[in-house]
Amino acid sequence: MDSVHYQENRTEKSIFGRLIKGVFLLLTSLGLYLFARDFPIYTVFEPQSAGWIFWVSWANNLILPFAFYFFLCLGERWLKAWQVRALIAFAIPVLLEFGQLFYYRFSMDSYIGSFDPWDIVMEFIAVGLAVLIERRVLAKLFKNW
């Protein structure tokens, strides 16, 4: 007698895979954010050294857009294309950077940073690296990516 082969129930695997992916993305993005915000720069670098200047000037512009792209990957049901996520992860920091340029024309209340075109270059590099890691490395590392 021939037995009928039914498809395997894959809903649990996809839910588990999505959960693992979501936890990984959330831990990565929040971990990078907390690392960038709470890094004890004064214990590692001497003031005005090359490492200090790099951290103060460009490290946050590399880490935060990178983390923001992975945070946006959590909403891939709404932001399906990686190009849209990359555009958002790049556009918001760039708009904030231009906000630093025009802020002092309207208010001098507090220091919020200064406009630096190299920050935009660093944000572009960060989003590009995040896309490469997500599309090339993590897609090969995890089957359900």
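Residues of the range 126-136 that are exposed (fewer than 15 other Cβ atoms within 10 Å of the Cβ) and closer than 19 Å to Arg18 by Cβ: Arg135 alone.
Being modelled with pLDDT of 95 or more and either within 21 Å of Leu32 (Cβ to Cβ) or among the hydrophobic types (A, V, I, L, M, F, W, C) (or both) is a property that does not hold for Glu76. Determine whether the range 95-114 contains at least one residue that is at pLDDT 85 or above, touching a helix residue (DSSP H, G or I) at 6+ places or on another chain (Cβ under 8 Å) and not acidic (Asp, Glu). No, because not a single residue in the range 95-114 is at pLDDT 85 or above, touching a helix residue (DSSP H, G or I) at 6+ places or on another chain (Cβ under 8 Å) and not acidic (Asp, Glu).
The helices (runs of 4 or more DSSP H) found wholly in the range 25-133 and carrying at least 2 residues that are of a type in the set (A, V, I, L, M, F, W, C) and without any contact (Cβ under 8 Å) to a residue 24 or more places away in the chain occupy 41-44, 50-54, 82-103, 117-132.
Within this structure, Glu123 fails the test of being closer than 30 Å to Asn144 by Cβ, surrounded by 12 or more Cβ atoms within 10 Å (Cβ to Cβ) and modelled with pLDDT under 90. In this structure, is Glu97 under 13 Å from Leu64 (Cβ atoms), of a type in the set (Asp, Glu), surrounded by 16 or more Cβ atoms within 10 Å (Cβ to Cβ) and out of contact with any strand residue (DSSP E or B) (no Cβ under 8 Å at 6 or more places or on another chain)? Judged against the criteria, Glu97 is a match.
The values are calculated or read from the model by the stated rules, or taken from the named source; none is laboratory data. Because the structure is a prediction, the values reported are computed rather than measured. Glycine also receives a Cβ, built like all others from the backbone with ideal geometry; neighbour counts cover every protein chain displayed.
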